[in-house]
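The values are calculated or read from the model by the stated rules, or taken from the named source; none is laboratory data. Nothing here was measured: the structure is a model prediction, and the numbers come from that model. Here the Cβ positions follow ideal geometry from the backbone for every residue, glycine too, while neighbour counts run over all protein chains shown. These accessible areas exclude ligands, DNA and RNA; they are computed on the full protein's heavy atoms, side chains included. Shrake-Rupley method; radii C 1.70, N 1.55, O 1.52, S 1.80 Å.
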Amino acid sequence: MKPLPSTSSKTPVKFRMPTSENLVPIRLDIEVGGQRFKDAFTWNISDPDSEVSVFAKRTQKDLKLPLAFATQIAQSIQTQQTEFRSYKGQEMLTGEKIVPIKLDLRVNRTLIKDQFLWDLNNFDSDPEEFSKTFCNDLGIEDPEVGPAVAFAIREQLYEIAIQSVATARESRNAKKGRRGEYSSISRSTGAALDLMKLFSNRYSGVRKRKEWDVFEPMVDMLSNEEVEKWRDLEEA
Amino acid sequence: METTTRQDPKAESTRPDEPEFDLYTIPSYSSWFRWNDIHETERAAMREFFDGSSVTRSPKIYKEYRDFMINRYREDPSTRLTFTEVRKSLVGDVSLLNKVFQFLNQWGLINFGADSARIESENEYKDEVRVEDGPPNGIRVVADPNSSKPFPASHAGAPLGADVRRSKLSPLASYSDVFGELGKRKGILCGSCGGNCESGRYQHDKDSYVLCVKCFKDGKYGNKSVDDFKLHGSSVSDGKQRDAWTEAETLLLLESVSRHGDDWDIVAQTVKSKTKLECISKLIELPFGEFISSYNLGKDPASGLSGNGDGGKDVFPSLPEQQDMIKSENVMSQQANGNEQRGDDADKVPPLKKQCVSYSSGSGISIMRQIARISSMVGDDITATAAKAAFAALCDEASCPSDSFNNEEDFANELWPAMDQSVSERWLI
């Protein structure tokens, strides 16, 4: 097993999803005529572009949507792809970045709230595997929860990756010394925790007991009425 | 697998049955483990902690993670410790924590004696085939609340908003949910004797009371008048056909799937006596069922293969697909090799050889798959005769070598005749 390359806050890395697979989170929210179609999934950015229209057509056909949806779906995916690719080649300053990831989502009847830490430097990380373990350990049976959790993680990682590109740009333009770089990191990327504070419990890897339930997942099952209430809230 | 019984390392005594010591079992291949040290095995497996690459990863922190997890597990050795339980208590990247967890798990330092029943049940669950009707619940198509257009209520297939909800099977539908209704529709039961009213029933005009033919003849009218009963025709079509698939239904299914692909609404309409789900399940069960529907998706629309009619001669357009044609010829000629006994049935076979048919994939497909495709393209009678011709050819082939060696003409007939019938039946179904 290869040891991770030693990283320091100064070494920039080319933009990419900090996960083992370069899957990009895609959100769809399309309205045509009287119908609204919402979906969220991950897309492999290395797939050929022809796949987009195939997928869009397939989706429209499977869900028996009017034809206009196919083009809209394809367009939306392509737009998001282009946006992702526009970051390509740019540098993101990852440095030492362990960020908190928060889950706060509803999938059908399941309500999930959770918080944990994710290392942006760990390019072997796998949200899908994490989500699989998550569902297995908590005995979640709804097969749609897993992908939704993985998607939520990816979305946040994507956001943070984009932010760190902006940070890298700032620090390059700043033309300050090393000190300047540090201050711009901690200022503009508030998501990154101060590493020493991370191990606040006497620099121990074990968390203080009182903080355990902050970082513990909370899974609730909703009744039918509650599901309806949530739906109305979300669509308003 | 050997096991060693490790004592609680705080005590040095070697007598395992003294009640003051806790005993924990770990596999013998993990006997390198020491509480007060980090072994080379651990260093090699998790270099990230030992290469100084980050201030968040150090041998000290690794040891803390490891010790915490093992101690946590040992609080209740019979229960399987899950990763989710420990990760809330440890500070660090969850992927890294999971790596440590999996390491300990694999080496049996945790969860070695734990209840593994849940893992087995999870694996079983994966093997169940779940037939779902419609898109998953997470994908919703709803009426845009801002639009003034009325939302079409009869939108087949698309899940609607709160108001119109078709009765869909939940993703957790089990076998009995899907097929339970089959049992219920087994047939109409007689109100008097409780038996199946297969050969006809007498329905009371004013209510739902039903009598089978036998009870009616026996005069068991209950407290109803004989005049009120009306004979309903033979319900042979009601009872049994709902359970099993007849040949006719199966052929209808195959035809309509090869024509309509996986548009199950139309398929179910064609096979009138079976629901969509039954059609899907049946297709999966068929030996080449999946190939038929997947083949249909890849079909060249220009080839216009809609002919399931007779002869098959008029149906196939010539398309220049040299490789595939040669391949199909090889297949057919193998089947009809050295066959002098074809008879007039096999006259229908040569036209296939002459026509070029475009296959959507290359020539690397297995023979079985090709046969499946060919048989889905032609009518059932052609498939039957082709199968018979093939078997005649095979019998002939088998007999040739033995003839030349032993000059025993009966050898082949003894070997094959029993197979002939049963296997050609399988081709039909």
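A 28 angstrom limit on the alpha carbon distance is what I want to check against. Which of A:Lys229/B:Lys88; A:Lys97/B:Lys88; B:Lys63/B:Lys88; A:Lys88/B:Lys88 exceed it?
Checking Cα-Cα distances, A:Lys229/B:Lys88; A:Lys88/B:Lys88 exceed 28 Å.
Cβ-Cβ distance of B:Gln102 and A:Trp230, R₀ of 30 Å, FRET efficiency by 1/(1 + (r/R0)^6): the value works out to about 0.30.
Rounded to the nearest 0.05, what FRET efficiency do A:Asp104 and A:Glu144 have when you use their Cβ-Cβ distance and R0 = 22 Å?
0.85
What shape does region A:13-82 have by the C-alpha gyration tensor, where a ≥ b ≥ c are the square roots of the eigenvalues, rounded means a/c under 1.5, and otherwise prolate means a/b greater than b/c and oblate the rest? Judged from the Cα gyration tensor, region A:13-82 comes out prolate (a/c at least 1.5, a/b above b/c).
Evaluating 6.51 cos²θ - 1.76 cosθ + 1.60 at θ = phi - 60° for every residue in region B:257-270, the Karplus couplings come out as 5, 5, 8, 10, x, 9, 8, 6, 4, 5, 4, 5, 5, 5 Hz, glycine and proline recorded as x.
Each label was represented as a point 7 Å from its Cα along the Cα-to-Cβ direction; for B:Lys60 and A:Ala68 these points are 6.5 nm apart. Karplus-derived 3J(HN,Hα) values for region A:34-47, using 6.51 cos²θ - 1.76 cosθ + 1.60 with θ = phi - 60°, are x, 10, 10, 10, 10, 7, 8, 7, 9, 10, 7, 5, 8, 5 Hz; glycine and proline are entered as x. Accessible surface computed residue by residue for region B:54-94, with neighbouring protein chains in place and a 1.4 Å probe, gives 32 Å² per residue. Extension gain A:Ala174-A:Arg58, at 0.36 nm per residue separation less the Cα-Cα distance, in nm? Length gained between A:Ala174 and A:Arg58: 36.9 nm.
Take the alpha carbon gyration tensor of region A:88-151, find the square roots of its eigenvalues, order them as a ≥ b ≥ c, and report rounded if a/c is under 1.5; if not, report prolate when a/b exceeds b/c, else oblate. It comes out prolate by the Cα gyration axes.
The B:Asp265 and A:Glu51 beta-carbon pair, evaluated with R₀ = 22 Å, returns a calculated FRET efficiency of approximately 0.25. Charged neighbours of B:Ser58, selected by a Cβ distance under 11 Å, balance to 0 (K, R count +1; D, E count -1). Taking amide H atoms as placed 1.01 Å from N in the peptide plane, the amide H of A:Val206 lies under 5 Å from those of B:Val91, each 5 or more residues away in sequence or on another chain. The phi torsions of region A:17-29, fed into the Karplus equation with coefficients 6.51, -1.76 and 1.60 and a -60° offset, translate into couplings of 6, x, 10, 5, 10, 7, 9, 9, x, 10, 10, 10, 8 Hz, rounded to whole numbers, with Gly and Pro shown as x.
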